[in-house]
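Notes for the one structure printed next.
The values are calculated or read from the model by the stated rules, or taken from the named source; none is laboratory data. These numbers come from a predicted model, not from an experiment. Note that we place each Cβ from the backbone using ideal geometry, even for glycine, and neighbour counts take in every protein chain shown. Side chains are part of the model used for accessible areas, which takes the heavy atoms of the whole protein and leaves out ligands, DNA and RNA. Shrake-Rupley method; radii C 1.70, N 1.55, O 1.52, S 1.80 Å.
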Amino acid sequence: MRAIQFDRYGAPDVLHVAERPVPEPGPGQVRIAVEAVSVGHAQTQMRREVFPAPMWKPEFPVVLGGDVVGRISAVGPDVTGLNPGDRVGAFTLYGAYAEQVVVDAATVVPVPEELDAAEAAVLPGTGLIALGILRTGQLAKDETVLVHAAAGGVGHIAVQLARAAGAGRIIGTAGEPAKREFARAVGADAVVDHRSPHWAEEVRELTEGRGPDLILDGVGAEVLQQGVRLLAPGGRLVFYGSSGGELEIPRVSVMDLIGIKYVTGFALSAWRLGRPHEYAAGVAELTRLLAEGQVKSAVHARLPLERAAEAHTLLEARAQLGRVVLIP
Ligand SMILES: NC(=O)c1ccc[n+]([C@@H]2O[C@H](COP(=O)([O-])OP(=O)(O)OC[C@H]3O[C@@H](n4cnc5c(N)ncnc54)[C@H](OP(=O)(O)O)[C@@H]3O)[C@@H](O)[C@H]2O)c1
């Protein structure tokens, strides 16, 4: 089968097409014939060797993972409830830039037949992260939420979900004017540019000096530190990624929390394993919202698998509105 792999860290052009054997599922695993895989910012960090998570310990050659949607093509021993032909999705660290990928059956979610594969390729990871960070941040009706990178993969879904959950005001951050326009189009009431040195002041003004009740932060670094200071009394900040911080782990002083502020982290795997009932309810809810069209997944570009390097270049230029998707 065809796959995209890399044999050394580096620029997007280290990604190249390779012929690999079709992988066989082991106990507790299934194999998926890939219809679409969406490319996340984290994978560009993995390729550049700046991904800050401890579970990333690859051996070369590496085939990257992502949100994958397709049909089960083989089922390993000990797997129940999943059958060849089922349309499913999974969020995987490795192996998805390929025609076939093996994943843990426990991470598989059902994907409705009527959903377009590229659009559905936010369901298993990106969309669930957006829902999980809102749940973890306990967004209440009428509260003000600040969504960083609101035009990005996770961000544009989080804006829509916050709206569906009854947020009072949604403020986004985004870089280019086209991204700010897009973030407004998906439901943000106001959008500021977090590359501006005055972004926090702008958010403070937009909240009449009070600050947001909830901040969803996948950017990290200085943005996170300013966010903690910006939170309203009783406010929560959920940290879930470091797109702006690379290997720099942001530090928070407890002194910054004495205004009754809460800072927590989120990882999808921790949500699935640590709060399985909430996770399962989240999967069902997101699937319904996508199937009913209440939440729309924006596909910025659909590229054939062999153009994976171009997909990474797009993400590194911070040019994407929503998601970039590879089609094998
Ligand atoms: N916790 C989890 O389980 C989990 C799992 C997977 C991924 N993640 C994280 O979720 C976050 C969002 O992922 P995504 O794939 O949806 O990415 P994305 O939001 O589509 O892209 C990242 C965005 O971050 C913004 N950004 C701010 N500072 C940046 C910088 N210095 N360099 C590059 N970008 C910068 C850019 O938006 P602007 O140009 O608008 O500023 C960029 O487009 C990432 O941090 C990722 O690592 C978390």
task: Look through Leu128, Leu134, Leu123 and report the one residue that is under 16 Å from the mean Cα position of the chain (by Cα), in contact (Cβ under 8 Å) with a residue 24 or more places away in the chain, buried (at least 24 other Cβ atoms within 10 Å of the Cβ) and more than 30 Å from Arg195 (Cβ to Cβ).
output: Leu123
- prompt: Do we have Ala150 as buried (at least 22 other Cβ atoms within 10 Å of the Cβ) and either without any contact (Cβ under 8 Å) to a residue 24 or more places away in the chain or at negative phi (or both) here?
  reply: yes
query: Of the residues that sit in the range 1-51 and are touching a residue at least 40 places away in the same chain (Cβ under 8 Å) and among the aromatic types (Phe, Trp, Tyr), which one is surrounded by the most Cβ atoms within 10 Å (Cβ to Cβ)?
result: Phe6
- request: For Val79, work out the one condition from (1) within 16 Å of the ligand (Cβ to nearest atom); (2) surrounded by 18 or more Cβ atoms within 10 Å (Cβ to Cβ); (3) in contact (Cβ under 8 Å) with a residue 40 or more places away in the chain it doesn't fulfil.
  value: (1)
statement: Residues of the range 303-318 being touching a strand residue (DSSP E or B) at 6+ places or on another chain (Cβ under 8 Å) and within 24 Å of Leu161 (Cα to Cα), in sequence order, are Leu315
task: Answer yes or no: is there a residue in the range 92-107 that is touching a helix residue (DSSP H, G or I) at 6+ places or on another chain (Cβ under 6 Å) and modelled with pLDDT of 95 or more.
output: yes
- prompt: Do the conditions hold for Leu230, that is, is it in contact (Cβ under 8 Å) with a residue 24 or more places away in the chain, closer than 15 Å to Val145 by Cβ and either of a type in the set (D, E, K, R) or touching a strand residue (DSSP E or B) at 6+ places or on another chain (Cβ under 9 Å) (or both)?
  reply: yes
query: Do we find that Val159 is within 16 Å of the ligand (Cβ to nearest atom), free of Cβ contacts under 8 Å to residues at least 60 places away in the same chain and surrounded by 24 or more Cβ atoms within 10 Å (Cβ to Cβ) in this structure?
result: yes
field: Condition met for Arg184 (within 14 Å of the ligand (Cβ to nearest atom), open to solvent by 60 Å² or more (accessible area, probe 1.4 Å) and in contact (Cβ under 8 Å) with a residue 12 or more places away in the chain)
entry: yes
- prompt: Residue check, Asp67 against (1) within 18 Å of the chain's Cα centre (by Cα); (2) free of Cβ contacts under 8 Å to residues at least 24 places away in the same chain, all met but one. Which one?
  reply: (2)
- prompt: Looking at the range 234-244, which of its residues are within 14 Å of the ligand (Cβ to nearest atom), touching a strand residue (DSSP E or B) at 6+ places or on another chain (Cβ under 9 Å) and open to solvent by 30 Å² or more (accessible area, probe 1.4 Å)?
  reply: Phe239, Tyr240
query: Looking at Leu247, is it of a type outside the set (Val, Ile, Thr) and open to solvent by less than 70 Å² (accessible area, probe 1.4 Å)?
result: no
message: Looking at Val252, Val263, can you tell me which residue is over 21 Å from Gly175 (Cβ atoms), open to solvent by less than 60 Å² (accessible area, probe 1.4 Å) and at pLDDT 95 or above?
response: Val263
